[in-house]
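Notes to accompany the following structure.
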Amino acid sequence: MKKVLVLAYYFPPLGLSGVQRTLAFVKYLPMFGWEPTVITVGDIGYYAHDVELLKEVESLGIRVIRTKSFDPHALRKGKRTYSMPKESMRKVFSILSEFFLIPDTKIGWKRFAINAGILELTTTKYDCIFSTAPPYTAHLAATELGAMFSLPVVLDYRDAWVDYPFKRYITQFHRYLHQKKEKKVLEMSSAVVVAAQSIYAPMQKRYNESFISKASVISQGYDPAYFIEKSCNMQSKKEKIVLTYSGVFYENRTPAYFFEAIAQLLTMYPEYSSKIELWFIGIFREEHKALIEKNGLSRIVTLWGYLPHQQCVDVLLQSDIVWAMMLDDCSTPGKIFEYIGAQKHILGCVPENGAMAKIIRQCRGSVVTPDDIPQLVKTIHALLIQAENGTLPVAGDEIKTIYDRKNLTKKLALLFDSLMDTSEKK
């Protein structure tokens, strides 16, 4: 097999959505002739850990090199899993850290990742280097290693760098520094992969042909291995209609509009007070719990908390309607593709004409402007009637195939192969 060295800060046992794409790539690459070795961080503190994902990595025989780091998560390794701070505190920390740390708070991992890479590349022959970001520190380390060892480097953008909507540039000089670093890694790379067209478009505009010639879109997806239909007690008990959200609320992504819409719905149609349940999978902050109380919804809300990925999928499979909320259109969160894998009706509280809306409509889902509460009430009511009648539309198998992570990994492997063909011609 050809060998690829993968640089990924977020990797099991760390949890949350940042690990899923990378894990699926390294899981399925051997099917297409590529053997991955992963360089990641060692024992650090984080908001969520998933031991089951770690067991999966170990069962697959994926070689993982774990390094030290010097960053906020690494400094709290003694606490292992710790609570996400209040959004106001997180924003303050973000502003302070972004003033001093460029490109991100993980810059303290760079020298450890490079040292591990040098040792590995000196002792073992590799054909390619692949880094995934955020954090963008991974791209800095990968391109330096690629230059040292004359290896092609593929950069993976799960989110935008310079154009990330929640990036706070304290000064224009800070923005200039970020753009300069991004331009340099793009120049040093052999190929660039982005997870969404909304990431591709602004980069294309900024970097023109130098970007277009080496960039392609490989979208987020779902791993079919987790989506085996199960008969579970809760699934067989169809007394209530379940609306589920999976993920974390942060920045301008809030459940406030949804809660207000549900409260209005129950005022207009009180019979649904005993017919529906609202489920939330993931870390749920205290300020958002207060919104549940404020809207009088405690009786119908279940907070599952952070769940191992397989359990998260199991809960999705027990749901009737799954929803997403984004005021921006800068990315396509992984939850949408998990929803597609579960073949549930998707309610997207997203910009009407964005990339997210296009995908949701492709899957026969419903789209409502996030803060349009009257329309949201109307849409939810219509969906509840369909749920009662068993007529909720869902994505067909042909759509599921598009976002199957096996198929997406094949695209990545073919990209790696093309770089080998190019180097052989040279």
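Would you pick out the residues in region 338-351 that are surrounded by fewer than 24 Cβ atoms within 10 Å (Cβ to Cβ) and part of a loop (DSSP other than H, G, I, E, B)?
If the condition is that a residue be surrounded by fewer than 24 Cβ atoms within 10 Å (Cβ to Cβ) and part of a loop (DSSP other than H, G, I, E, B), then Q343, P351 are the ones that fit.
Kindly provide the set of residues from region 380-407 that are more than 26 Å from V217 (Cα to Cα) and surrounded by fewer than 19 Cβ atoms within 10 Å (Cβ to Cβ), ordered by number.
H381, A382, I385, Q386, E388, N389, G390, T391, P393
Checking the conditions here, which among L412, L376 is buried (at least 21 other Cβ atoms within 10 Å of the Cβ) and within 17 Å of P255 (Cβ to Cβ)?
From the options L412, L376, the qualifying one is L376.
Tell me, please, whether a residue that is out of contact with any Gly (no Cβ under 6 Å at 6 or more places or on another chain) and among the aromatic types (F, W, Y) can be found in region 103-117.
So far as region 103-117 goes, yes, one or more of its residues are out of contact with any Gly (no Cβ under 6 Å at 6 or more places or on another chain) and among the aromatic types (F, W, Y).
So for region 46-67 (the condition being buried (at least 16 other Cβ atoms within 10 Å of the Cβ), over 30 Å from V313 (Cα atoms), at pLDDT 95 or above and touching a strand residue (DSSP E or B) at 6+ places or on another chain (Cβ under 9 Å)), does at least one residue qualify?
Yes, the conditions are met somewhere in region 46-67.
Check off (1) assigned to a loop (DSSP other than H, G, I, E, B); (2) within 14 Å of E182 (Cα to Cα) for H139 and give me the number that stays unchecked.
Only one criterion in (1) assigned to a loop (DSSP other than H, G, I, E, B); (2) within 14 Å of E182 (Cα to Cα) is unmet by H139, namely (1).
Tell me, please, whether a residue that is under 18 Å from the mean Cα position of the chain (by Cα), crowded, with 18+ Cβ neighbours inside 10 Å and either within 22 Å of T254 (Cβ to Cβ) or assigned by TED's automatic domain parsing to the domain that holds L265 (or both) can be found in region 291-306.
So far as region 291-306 goes, yes, one or more of its residues are under 18 Å from the mean Cα position of the chain (by Cα), crowded, with 18+ Cβ neighbours inside 10 Å and either within 22 Å of T254 (Cβ to Cβ) or assigned by TED's automatic domain parsing to the domain that holds L265 (or both).
Do you know which of the residues in region 171-224 that are of a type in the set (F, W, Y) and in a helix (DSSP H, G or I) is farthest from the chain's Cα centre (by Cα)?
Step by step, filter region 171-224, then rank; the result is F173.
For (1) in contact (Cβ under 8 Å) with a residue 12 or more places away in the chain; (2) assigned to a strand (DSSP E or B); (3) closer than 21 Å to L317 by Cβ, each residue gets a yes or a no:
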| position | (1), (2), (3) |
| --- | --- |
| F259 | yes, no, no |
| A263 | yes, no, no |
| E271 | no, no, no |
| E277 | yes, yes, yes |
| H288 | yes, no, no |
| I292 | yes, no, no |
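Looking at region 225-245, which of its residues are modelled with pLDDT of 95 or more and within 18 Å of the chain's Cα centre (by Cα)?
T244, Y245, listed by residue number.
Give, as residue ranges, the helices (runs of 4 or more DSSP H) completely inside region 352-426 that count at least 2 residues that are touching a Phe, Trp or Tyr at 6+ places or on another chain (Cβ under 6 Å).
In region 352-426, 405-425 are the helices (runs of 4 or more DSSP H) which contain 2 or more residues that are touching a Phe, Trp or Tyr at 6+ places or on another chain (Cβ under 6 Å).
Could you list, in sequence order, all residues of region 293-318 that are of a type in the set (S, T, Y) and in contact with an Asp or Glu (Cβ under 9 Å, 6 or more places away or on another chain)?
Of everything in region 293-318, those that are of a type in the set (S, T, Y) and in contact with an Asp or Glu (Cβ under 9 Å, 6 or more places away or on another chain) turn out to be T302, Y306.
Among all residue pairs at least 6 apart or on different chains, which show Cβ distances below 8 Å where the first residue, located in region 242-253, is crowded, with 20+ Cβ neighbours inside 10 Å and the second is outside any strand (DSSP E or B) and of a type in the set (S, T, Y)?
Close Cβ pairs (under 8 Å, with a partner that is outside any strand (DSSP E or B) and of a type in the set (S, T, Y)) amount to V242/S319; L243/S319; T244/S319; S246/Y339; G247/S17.
Is there any pair with a first residue in region 375-404 that is assigned by TED's automatic domain parsing to the domain that holds D320 and a second that is exposed (fewer than 15 other Cβ atoms within 10 Å of the Cβ) whose Cβ atoms are under 6 Å apart and which are 6 or more apart or on different chains, and what are they?
P393/R364
Considering only residues that are surrounded by fewer than 18 Cβ atoms within 10 Å (Cβ to Cβ) and assigned to a loop (DSSP other than H, G, I, E, B), look in region 98-121 and name the one that is modelled with the highest pLDDT.
I102
Of the residues V4, V64, V57, which is farther than 15 Å from T409 by Cα and part of a strand (DSSP E or B)?
None of the other options fit; the residue is V64.
I need the full set of residues from region 24-36 which are within 25 Å of K125 (Cβ to Cβ) and crowded, with 17+ Cβ neighbours inside 10 Å, in order please.
F25, V26, K27, Y28, L29, F32, W34, P36
The values are calculated or read from the model by the stated rules, or taken from the named source; none is laboratory data. Owing to the predicted nature of the structure, the values given are computational and were not obtained by experimental measurement. Quick reminder, even Gly has a Cβ in these numbers, built from the backbone with ideal geometry, and neighbours come from all protein chains shown.
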